[in-house]
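Report on the structure given below.
Laboratory data are not the source of any read-out in this text; all were calculated from the coordinates shown. None of the values given here were measured: they were computed from a predicted structure. When we count neighbours, we look across all protein chains shown, and the Cβ atoms used for this are built from the backbone with ideal geometry, even at glycine.
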Amino acid sequence: MNKNFKGRDFTTVLDFSKEELWYALSYAKDLKLKRMAQEEVSILRGKILALIFEKPSLRTRVSFEVGMKELGGDTIYLSPQDIGLGKRESVKDTAEVIARYVSGIMVRTFSHKIVEDLAKYADVPVINGLSDTYHPCQAMGDMLTIWEKKGRIDGVNIAFIGDGNNVANSLMLLSTRLGANFSIASPKGYEIKEEILEIAKKEAERSDSRILITDDPMEAAKGADVIYTDVWASMGQESEKEERKR
């Protein structure tokens, strides 16, 4: 297996093979154990990660900043006031300029197209910290927790109760790629998009896992080893909040 992740983007969990995702999870588990043992790990010494936040997040900022610093690197935070992606200047120009100064770019944005464009034009790795379609870092963190708590991923039954949002998309794709069974209960009109579901079905066929799509939370949760849920109205969906509650 090619374990060389150098220079590669992480825009969705599909950017890496099953074996590579397993390797990344195993490596993360090892780093976590070293952190708990207070062992110093400086694998990112001299590296700087640009953090582009169109959508603010306490947890995302803290986790990326602490992670970089504990591994010997550093970060530069760019708020919506500092950078206007596609507004003050094009995404292409932004990507090319920032890439001259940093070792990588993490972006938390409204549109997945911005993630794709940054990855296209920046000659440093781009990490998707969240977009409207995918949330791969969240899915990987969740899967590590599931592995730690359940002792395995293959064959684990994961139930998601909520709308077919970015978290659900990434968790479903990661689950089926790694061999976990995935059930989701979403209200009618808020289901996972068909094109993403079709990709997940192909992943499930390859890994011999199962997918269940329903609007009944009890049906989705039946036999579950893990039950996962999320907010009904994410940032940027404030105008839909009351309708979603109904």
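Local charge sum around residue 60 (other residues, Cβ-Cβ under 12 Å, Lys/Arg +1, Asp/Glu -1)? Net charge around residue 60: +2. Net charge dipole, the chain: roughly 540 debye, given to the nearest 20, about the Cα centre with Cβ charges of +1 for Lys and Arg and -1 for Asp and Glu. So, R0 is 25 Å and r is the distance between the beta-carbons of residue 34 and residue 8; what FRET efficiency does that work out to, to 0.05? The pair residue 34/residue 8 has a calculated efficiency of 0.60. Once you sort the root eigenvalues of the Cα gyration tensor of the range 20-130 as a ≥ b ≥ c, which label holds: rounded (a/c under 1.5), prolate (a/b larger than b/c) or oblate (the other case)? Verdict is prolate for the range 20-130. If R0 is 22 Å, the Cβ-Cβ spacing of residue 231 and residue 58 corresponds to a FRET efficiency of close to 0.95.
Overall form of the range 152-230: oblate. Here a/c, set by the Cα gyration tensor axes a ≥ b ≥ c, is 1.5 or more, and a/b is not larger than b/c.
As a check on your grasp of the helix formula, calculate [θ] at 222 nm for the chain: sum -39500 (n - 2.57) over DSSP H runs of n ≥ 4, divide by the residue count, round to the nearest 500. Don't skip to the answer; put the middle values down first.
Working: 9 runs with 103 residues, N = 246.
Theoretical 222 nm ellipticity from helices: -13000 deg cm²/dmol.
A simple count of charges around residue 74, restricted to other residues whose Cβ falls under 10 Å of its Cβ and scoring Lys, Arg +1 and Asp, Glu -1, yields +2. Put simply, the amide H of residue 183, placed in the peptide plane, has neighbours under 5 Å in 158, 159, 160, 212, leaving out anything fewer than 5 places away on its chain. Checked against a 24 Å cut-off, the cross-linked pairs 34/150; 29/202; 18/201; 87/188; 18/202; 32/149 give Cα-Cα distances beyond that limit for 29/202; 87/188.
Distant-in-sequence amide contacts of residue 10, defined by a placed amide H-H separation under 5 Å and a gap of 5 or more residues or a different chain, comprise 126, 127, 128. Put the Cα centre of the range 122-143 next to the Cα centre of the range 2-45 and the gap is 13 Å.
If you find the alpha carbon centre of the range 210-225 and of the range 46-79, how far apart are they in angstrom? Distance between centres, Cα-based: 36 Å.
Near the amide H of residue 73, within less than 5 Å, lie the amide hydrogens of 44, all on another chain or at least 5 residues away, with H placed in the peptide plane.
Rounded, prolate or oblate: pick one for the chain, where a ≥ b ≥ c are the square roots of the eigenvalues of its C-alpha gyration tensor, a/c under 1.5 means rounded, and failing that, prolate if a/b is larger than b/c, else oblate. Note, shape of the chain comes out oblate.
Residue-wise HN-Hα couplings along the range 176-185, as the Karplus relation 6.51 cos²θ - 1.76 cosθ + 1.60 with θ = phi - 60° gives them from phi, are 5, 5, 9, x, 8, 7, 10, 10, 9, 10 Hz; Gly and Pro carry x.
Around residue 174, under 11 Å between beta carbons, what's the net of Lys plus Arg minus Asp minus Glu among the other residues?
Within the 11 Å Cβ shell, the charges total 0.
The trypsin sites (Lys or Arg not before Pro) of the range 165-194 that DSSP puts in a loop, and whose beta carbon has at most 12 other beta carbons within 10 Å, are 188, 193. Using a simple spin-label model with pseudo-atoms 7 Å out from Cα toward Cβ, residue 71 and residue 20 lie 1.5 nm apart.
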